[in-house]
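K.L.:
Dropping the structure in here first, questions after.
The values are calculated or read from the model by the stated rules, or taken from the named source; none is laboratory data. Not measured: the values here are computed from a predicted model. A quick note on method: Cβ atoms are made from the backbone with ideal geometry, for glycine too, and the neighbour counts reach across all protein chains shown.
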Amino acid sequence: MRHSILAASVAVAVASIPFAAAAQSPRDAEVAALRAQLAELQAKVDALEVRTDAQSDINIGTQESLDKMATTMPVVDTKGGLKVTSADKQFEFSAGGRLHFDAYAFDRDQASSTGTTEFRRARITLQGKAYGWDYKFEQDFAAGSGLDGFRDVYIAKSALGGKFTIGHFKPYRSMEELTSSNEILMMERPFATATGLFSGRQFQQGVGYLRADGNYTAGLSVFNLRSASGSRNEGVGAAGRVTFAPINTEDSTLHFGGWVSQENLNQGSADFSATANYAGRRGPSQTIATTTGASRNQVTAVGVEAAGSFGPLFFQGEYANATFGQPVGPDQDVATWYVQGSWLLNGGHKAYKPGNGIFASPKVADRGLWELTARYDTIENKDVRNMDVSSWIVGMNYYVNPNLRFMFNYTKGDNTLTGDETGQYALRTQFAF
């Protein structure tokens, strides 16, 4: 448009020259030269206008190409990891992982224990979507390169207001058990989880349904009594959990929940035990109760939970009572409970995950976050004299950034049955993406 205006101005100037020249001077040669210059300028303007029109056509073509690429090329997102989404959003893939490297040293008492280092977890996680189905495959190489290392391995589909999960995953029981190992408060979970009451039974093969709506969740899972690498057996189990958060704002959350679990041992089932490492991992352990697979008895547990996050302060507790069937004599009752809490020393807040009814790690700013932690944990067999253990844990977490955390725990164990009071110093370097 600007070139067209310029061309019109030049044309007017050229047309007016004869009148101006006739009125002012007879110098025809100078007028002819001026006309030639103006004609040359007009030619250049015309050429420029042609090029501009051509460039506009090119720009339009380029934009059309970009629009076409946007609708046909996959989208790659590298924020916090690697995620690829197809242009039609029918397929999604992301890769992640976690590395937990631990070191232990013990204040030995009566029980024998050996300080060491180990890779507590070394996982690769692949997950995404395909044709409306979610999928996840997670291998923990610290636990084994084959089936021993399987963790979450499933497909899932949203339906009926919730999500169905099929495969290898955690049954819906115990708040702390369902909390990711990247986000647990201490280096190890309390006795009300697969670290104690459900010893070795963290992931099971089955079907689950979970529904969540802002401030509540309801989940039910039915599963076989085997892990991916466990022996085939005919034992079956079921677990269900419900939660409710009457307060859930950006800075304050109050959570309540309850769960129930029943495991029915049958042909080929392994023995099920509640076992507690009361002085931390790799420290001394105490078997609290056992139900033998050959007896085809049941292990039934009921638990309640409460937790809250108010500004930089956080607390969480659970109480569970389990009955371990016995082939001879009365069943044995096992009770366990814990209370834990933390204080983020330089600000921060543990956010709530309403879709799962659990708490996440705090969001980390550039300055990092320091978190002071403490827990009291106990478990006992009410039908066996002095069969109870407990532990005090104090610790410090340093969140360097959203991916890197350092953890320190000091655990003081107490085994009433044996009188052992072993202590443990533990340090973890945790990197997750």
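K.L.:
Inside the stretch 291-373, counting only strands (runs of 3 or more DSSP E) that do not spill past its ends, which hold 2 or more residues that are over 29 Å from Val389 (Cα atoms)? Talk me through it step by step, then tell me what you get.
P.N.:
Values: elements: 298-310, 313-324, 332-344.
So the answer is none; nothing clears 2.
K.L.:
Suppose the filter is crowded, with 17+ Cβ neighbours inside 10 Å, at pLDDT 95 or above, under 30 Å from Asp107 (Cβ atoms) and of a type in the set (Asp, Glu); does Glu188 pass it?
P.N.:
Numbers: crowded, with 17+ Cβ neighbours inside 10 Å: yes; at pLDDT 95 or above: yes; under 30 Å from Asp107 (Cβ atoms): yes; of a type in the set (Asp, Glu): yes.
The answer is yes for Glu188.
K.L.:
Would you please name the residue that is surrounded by the most Cβ atoms within 10 Å (Cβ to Cβ), looking only at residues in the stretch 136-149 that are touching a Phe, Trp or Tyr at 6+ places or on another chain (Cβ under 7 Å) and assigned to a strand (DSSP E or B)? Break it down into steps so the answer makes sense when it comes.
P.N.:
Filtering the stretch 136-149 for residues touching a Phe, Trp or Tyr at 6+ places or on another chain (Cβ under 7 Å) gives 136, 139, 142, 149.
Retained after the next criterion (residues that are assigned to a strand (DSSP E or B)): 136, 139.
Values: Lys136: 19, Gln139: 22.
Checking each candidate, the answer is Gln139.
K.L.:
Got a number for residues in the stretch 332-374 being of a type in the set (S, T, N, Q) and crowded, with 23+ Cβ neighbours inside 10 Å?
P.N.:
Counting residues in the stretch 332-374 that are of a type in the set (S, T, N, Q) and crowded, with 23+ Cβ neighbours inside 10 Å gives 2.
K.L.:
Surrounded by fewer than 19 Cβ atoms within 10 Å (Cβ to Cβ), at pLDDT below 95 and closer than 30 Å to Phe272 by Cα, is that true of Gly329? Steps first, answer last, please.
P.N.:
Values: surrounded by fewer than 19 Cβ atoms within 10 Å (Cβ to Cβ): yes; at pLDDT below 95: yes; closer than 30 Å to Phe272 by Cα: yes.
In short, yes.
K.L.:
May I pose another question? What's the number of the condition Leu185 fails, among (1) without any contact (Cβ under 8 Å) to a residue 60 or more places away in the chain; (2) farther than 18 Å from Ala228 by Cα; (3) in a loop (DSSP other than H, G, I, E, B)?
P.N.:
Among (1) without any contact (Cβ under 8 Å) to a residue 60 or more places away in the chain; (2) farther than 18 Å from Ala228 by Cα; (3) in a loop (DSSP other than H, G, I, E, B), Leu185 violates only (1).
K.L.:
Determine if the stretch 194-207 includes at least one residue that is assigned to a loop (DSSP other than H, G, I, E, B), closer than 17 Å to Ala320 by Cβ and out of contact with any strand residue (DSSP E or B) (no Cβ under 9 Å at 6 or more places or on another chain). Lay out the reasoning, then the answer.
P.N.:
Step one: list which residues in the stretch 194-207 are assigned to a loop (DSSP other than H, G, I, E, B), which gives 194-203.
When the remaining residues are screened for being closer than 17 Å to Ala320 by Cβ, the result is 194-202.
From what's left, out of contact with any strand residue (DSSP E or B) (no Cβ under 9 Å at 6 or more places or on another chain): 194.
Yes, because at least one residue in the stretch 194-207 is assigned to a loop (DSSP other than H, G, I, E, B), closer than 17 Å to Ala320 by Cβ and out of contact with any strand residue (DSSP E or B) (no Cβ under 9 Å at 6 or more places or on another chain).
K.L.:
A follow-up question, please. Can you tell me which condition Ile379 does not meet? The list is (1) without any contact (Cβ under 8 Å) to a residue 12 or more places away in the chain; (2) more than 21 Å from the chain's Cα centre (by Cα), and all the others hold.
P.N.:
(1)
K.L.:
For the stretch 115-123, check the following and say yes or no: at least one residue is assigned to a loop (DSSP other than H, G, I, E, B) and more than 23 Å from the chain's Cα centre (by Cα).
P.N.:
Filtering the stretch 115-123 down to residues assigned to a loop (DSSP other than H, G, I, E, B) leaves 115.
Still in the running and more than 23 Å from the chain's Cα centre (by Cα): 115.
Scanning the stretch 115-123 turns up at least one residue that is assigned to a loop (DSSP other than H, G, I, E, B) and more than 23 Å from the chain's Cα centre (by Cα).
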